[in-house]
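Before any comments, here is the structure.
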Amino acid sequence: MEETQRRMGEESQKMIQALDKNGDGFIEREDLRQLLFQLGISRDIMAIFNKEDVDHDGLIRIEEFVEWLLEDAPAAAARQMKLYPKRVNDISSPRSPDSSEPEVASKVINCSQWFAQALVDAGVTHVYGGHGGALVPMVNAVVEHPKLTWICTRNEANASLMAAAHAKLTGGLSCCIATSGPGATNLTTGLIEADLDQCSVIALTGLKPRQGLGYSEFQDVNQARLFAGGSLSFSENVASTEAFVPMLRNAVARAITTRCCVHLAVPVDIQASVCPVPYMPLAAVDTLTQIRALHADTQQINAVAAELQEATSGGRGKVLIAVGHRCVAAGPEILRLAEKLHAPVLTRLDAKGSCNESHPLVWGVMGVHGKPGLEASARLIESCELVLAFGVHDYSVILCNQAGMQVRPMIVFEPDAAMPINSCYQALHTVIGYTPHVISAIMEKMRDMNRGKLAVRASFRTSLAHMTSKQSPGSRRASQAQLPSLAEMCESATKQSSKKNGEAWSLPSSPAFARKDTDDTAENTDPEPEMGPEEKKNESTEIHLEEVDYWELLSKARKQKSWREILASKEFLHIGRYEVDNYMDHEHCHPAKVFEEMNKHFGPNDVLCVDTGDVTLWAGLCAVLSKGQRTLSSERLGTMGYSLVAGFVACLVREDMGRGVVVAGDGGIQMTINELGTVCQVFQNSTIPYRLLIVVFDNAMLGRVHFGFKGAQGCELGPSPDFVGLVKAYGGDGALLSDETEIEEVVAKAFASEGIYMIHCLVDPSIRADMTAFKDKSIQMMSSG
């Protein structure tokens, strides 16, 4: 035995000692499988454990196994191996009893079945995809597994979008599969979507049998090159049965630990082949726990607390909080920090709802179509002096000027170490840890500093000076003139325009869809040019910006009352909010009015799914999520049609606890409307009362292209089909909405419904939602809409 251990080397000795729990020289069969897997033993050696005459409860003599292993002679080893009946309580296996299905671990399974069980162990519940001849073994394995739900989409492009949405909503690994040829190529958009949004997705595509690859023309595409060229960092063709499990392990590890999309192309004959590796959980499944830390480094906490103390001392700091979808669960704690710092909060669209949007410090969405998007967001970003970025996946909007250069310092907060490496922008600090705990620790340190227990040492002011060659308007000190009361400032901000006071940076608040005031408070007495009939008709749809120095308002609020008192008094509520006058048109409905009514009905588990286009701005401006709801959108890639498939995924994830609420334009909805067939199939074959609400804002044109690009032609789409009739054909219900007096009744009925319900809302094609870019003249850039 000693000679054998010497030949095995130190690593193998440790493995055997760990497995030989009782020191009696026996090893349990399942433990031996794990040892062989870790050593990377060949298929021939592994195959012996798939023989039918190998009893599942057998024990193997360790000394004979080691000798056999070193000989690397499977045939001889088969003769030397001796199996002994298992003795009750003789050996306790180190393997977790619930780490995999016991019946799977003891059976002869093919590579597709291995893959299906690996998905389950990785937390996957649904597999989205399209069917085809090069995928039959894989689909069979998915359908037969009791813990996987097969979603057969009407187009593979939508399967990949569903997988991307599923990963974003759950924060876990999701999966899509497709057959060879166009099945694989159709996946491209959704896989790039997932990769850009930093979501963990694994895509598996079928290939022709190996003997037909490379010369037989039908559906013969080099899929690995295709997806690698589309930005996927891991995209490989599996060349052999032996390589399947190790490559799957690497793919899952990459997807989970770096939050990206990975791809494997597997020939159909490999899918159907007996897997040479008996099943065991992939080590990669648990790798995410290795990069998570419940508590951040104490030195980092102290340093960040010092930075924030310096940045906000004396009420002079202009700190902005930005929230991305990776920190949506920490919304209440982020608001606590915002109240402590008196810092406005902006969210990416995918994080909309994470912080209570009825709170006066939550100013709405940033980053729409690659720009700040909303006027208030742009002004806050331009004038802030320090950005706290919580789980934000793209810093360019909050840090850079139009030249793409960083002009603002930031502190980065991430829940784990999967995405902390930021090679493009400078961060004063990067804090990794469970966000609620991190925030609590920082606030406690700041309290200690206020009590004089800790000295403040910060580099905030120095960093700000280095990033700005000259003082920007946002960093100028406001005039110290006597400020009015908080109530007076709020009233002024929502009802009239105030002049800039001295050198103060004036920030527009409350952009409102309202007629411009013409009372005696107006300072400009120059006559306005007379408007034509069409201009008069649409006057109420223009966004008029009243100006107020928001930072001074915050300083005044802090001196006057606590945030609890401010919230209770409702004095601050309308700052930064968006309203619309009664736009009475009995042929159309204003989107803002529809959202105003929908805001009353959103449940805490509902998921708002926003499409790309003008509807993106309407949702950012007018949807108010105050109960911790989630929002899904194609934030980076800007895929039209995303909202419908995301809404379907939201239904699958939330089940009977919430609904998917889809808001889309007439152009976007038609890009994926064929998936109503998939929705209908799943809903009607399930006992779960799924609820999917679809709101289509129909202006019979591609509004964002028409309004966003001067001189754009060819944007007309009308006449639109009968969307409600189409939904009814798929077993749903709905209503046409063209009169604002009917909004309340229709919306209430929609939120009380089950199954599929559509509101087809007719919108005046002349109404636009304005989008704002930074007022930065450092570089000339073409508008991107």
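None of the figures in this text is laboratory data; all of them are computed from the coordinates on show. All values reported here derive from a predicted model rather than from experimental measurement. Glycine also receives a Cβ, built like all others from the backbone with ideal geometry; neighbour counts cover every protein chain displayed.
Using modelled backbone amide H atoms (1.01 Å from N, in-plane), which distant-in-sequence or interchain residues come within less than 5 Å of Ser235's amide H?
His263
Regarding segment 591-762, what is the average projected area of its C-alpha convex hull, in nm²?
Here the figure is 9.5 nm², rounded to one decimal.
Gain in length, Glu444 to Val274, computed as 0.36 nm per residue apart minus the alpha-carbon separation, to one decimal in nm?
Contour length minus Cα-Cα distance gives 55.4 nm.
When you have a sec, figure out the Kirkwood radius of segment 294-444 from all distinct Cα pair distances and drop it here in Å to one decimal? It would help to have the intermediate numbers written out before the result.
Numbers: mean 1/r = 0.0661 Å⁻¹.
15.1 Å is the Kirkwood radius here.
List Arg292, Arg210 from most exposed to least, where exposure is judged by having the fewest other Cβ atoms within 10 Å.
Lowest count first: Arg292, Arg210.
Would you report the distance distribution of C-alpha pairs in segment 682-735 as whole percents per 5 angstrom bin, up to the bin with the largest distance?
4, 15, 19, 16, 13, 11, 10, 7, 3, 1, 0
If packing is taken as the mean number of other Cβ atoms within 10 Å per residue, what is the order of 433-444, 605-616, highest first?
Values: 433-444: 20.3, 605-616: 26.9.
The densest-packed peptide leads the list: 605-616, 433-444.
Counting only residues 5 or more places away or on other chains, whose amide H sits under 5 Å from the amide H of Asn155 once H atoms are built in the peptide plane?
When sequence neighbours closer than 5 places are left aside, there are no close amide H contacts.
How big is the C-alpha Rg of segment 111-292 next to the rule-of-thumb value 2.2 N^0.38 Å, as a ratio?
Against the compact-globule rule of thumb, the ratio is 0.91.
In the P(r) worked out for segment 144-202, what percent of Cα pairs fall beyond 19 Å?
Values: 447 of 1711 pairs.
Counting pairs separated by more than 19 Å, the tail of P(r) holds 26 percent.
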